Amino acid sequence: MKKFMVLSACLLSGVLSAESTVAEQAEQIFKERCTACHLDDGHGLKSMKVASIAGLPRWYVAQQLRHFRDGKRGAHVNDVEGKMMQSMTQTLDDKSVAFLGKHIQGMKPLKKRRTLKEGDKVVGEKVYKKDCASCHGENAEGVRSKLAPPLTVQIDWYLEGQLKKFNEGIRSHGEGSKNPTKDQTKDLLAYLSSIDNSKDEEK
Ligand code: HEC
Ligand code: HEC
């Protein structure tokens, strides 16, 4: 019995220290390779069009990092920001990608995401429910089975930029998705940036 207790104590401490190394390693990689642009809090930098990524789910982060690395996102000649991320991901292996996903998911999302002035959020909500909710979720919380990310943690100018890229064919949107018109975009952004994301912190 004593032997068993010693053995399980060893196993348990082994598991615990393995887990803390994952968290530590993830934090280390993020510090070394990502904070220069995304900043310590992951809230991004408008002057370089760097996305706020804090609070994005791990599956989406991992998938996008692989897409950048493998040339599926950022390949278009006019995708200047996508190219920046392509070069940042070239030497990331799948394990680091998974670590980074976990780390970023655990970061506190940006609360104040409204910087643009135009748009009507009531109209935006109607357009959202009609054209977007089927993939991105009833409250824009994201739906993994559709590979559609939440739209409640990114800042409005970043989302606007991505919608422009979708419209211009610079980045590809989900299969079967609908790209909004310019006017709809303003209303949609007013709505999306008004959604309270404090629940996302508890993930
Ligand atoms: C040289 C600056 C720079 C560095 C360093 C950088 N990024 Fe980025 N990142 C960007 C830019 C700019 C974008 C916006 C890309 C776009 O507009 O398509 C971005 C976008 C992203 C996205 C996509 C967000 C979304 O909502 O789809 C993820 C995820 C991301 N970065 C993670 C990382 C991680 C993890 C690291 C560290 C390994 C990192 N980035 C390092 C500049 C950088
Ligand atoms: C058929 C499913 C589908 C529909 C409908 C859809 N989307 Fe998407 N959307 C996706 C998928 C999948 C992605 C991820 C694309 C990728 O992997 O690069 C995405 C990505 C996005 C992004 C980029 C997010 C980021 O962090 O970079 C924005 C913005 C977006 N969608 C907005 C919308 C809006 C607004 C609508 C409604 C007008 C809409 N989507 C309708 C599936 C959909």
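Rounded to the nearest whole angstrom, the semi-axes of the ellipsoid equivalent to the range 62-122, taken from the Cα gyration tensor as √(5λ), stand at 27, 19, 9, largest first. Working from label points 7 Å from Cα in the Cα-to-Cβ sense, the ASP131 to LEU45 distance is 3.4 nm. Calculated on the alpha-carbon coordinates, the convex hull of the range 149-197 measures out at 76 cubic angstrom per residue. Calculated FRET efficiency, CYS37 to GLU168, Cβ-Cβ distance, R0 = 25 Å: about 0.60 to the nearest 0.05. Please find, in a Gaussian network model of the chain (springs between Cα atoms separated by less than 10 Å), the residue of GLY44, GLY74, GLY176 whose mean-square fluctuation is greatest. Of GLY44, GLY74, GLY176, the Gaussian network model singles out GLY176 as fluctuating most. Taking only the Cα atoms of the chain, the radius of gyration and Dmax are 19.3, 72 Å. Restriction of the trypsin sites (Lys or Arg not before Pro) in the range 45-117 to DSSP coil positions whose beta-carbon has at most 16 other beta-carbons within 10 angstrom yields LYS49, LYS72, LYS111, LYS112, ARG114, LYS117. With the gyration tensor restricted to C-alpha atoms of the range 109-203, the semi-axes of the equivalent ellipsoid amount to 18, 17, 13 Å, longest first. In this structure, LEU147 and ASN179 have a Cβ-Cβ separation that, at R0 = 22 Å, corresponds to a calculated FRET efficiency of about 0.85.
If the chain linking ASN139 and TRP59 were pulled fully straight, counting 0.36 nm for each residue of separation and taking away their Cα-Cα distance, it would gain 26.9 nm. For the chain, the longest principal axis of the Cα atoms and the long axis of helix 2-33 meet at an angle of about 40 degrees.
Sorted ascending by nearby beta carbons within 10 Å, beginning with the fewest, VAL123, VAL61 become VAL123, VAL61.
Every number in this text was worked out from the coordinates using simple rules, so none of it is lab data. Remember, it's a predicted structure, so these values are computed and weren't measured experimentally. Cβ sites come from the backbone with ideal geometry, for glycine too, and all protein chains shown count toward neighbours.
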